[in-house]
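Asks: Sending over a structure as structure tokens; questions will come in a sec.
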Amino acid sequence: MRTSSPAFMALLYFSLGVLFTYLAIQNGQESMWNASTIILMLLATFDFSVSFRFMLLRRKIKQIKKNKST
């Protein structure tokens, strides 16, 4: 099984976060506080936080590789 790099996964989750944010804004034109808008905002928040954690993981892996080589 092939594993994806943390940078790719971060970009993927960030893109999904942007997509869900866009959909929430488009859906919120009528009424901001309906269930579908809130669910889309929650999904976007989750995706942005996962993206941030993948970027932190990427930095940690780079630091470990750098320390191993020295």
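What follows draws every value from the coordinates through simple rules; no lab data is involved. For clarity, every value in this text was computed on a predicted model and none was experimentally measured. Heads up, the Cβs are rebuilt from the backbone with ideal geometry, glycines too, and the neighbour counts pull from every protein chain shown.
Asks: Name the residues in region 27-52 that are in a helix (DSSP H, G or I), surrounded by 14 or more Cβ atoms within 10 Å (Cβ to Cβ) and not β-branched (Val, Ile, Thr), would you?
Replies: Residues satisfying the conditions are Asn27, Leu40, Met41, Leu43, Ala44, Phe46, Asp47, Phe48, Ser51, Phe52.
Asks: Here's a check for you: in region 1-23, which residue that is hydroxyl-bearing (Ser, Thr, Tyr) and touching a residue at least 24 places away in the same chain (Cβ under 8 Å) is surrounded by the most Cβ atoms within 10 Å (Cβ to Cβ)?
Replies: Residue satisfying both the conditions and the ranking: Tyr13.
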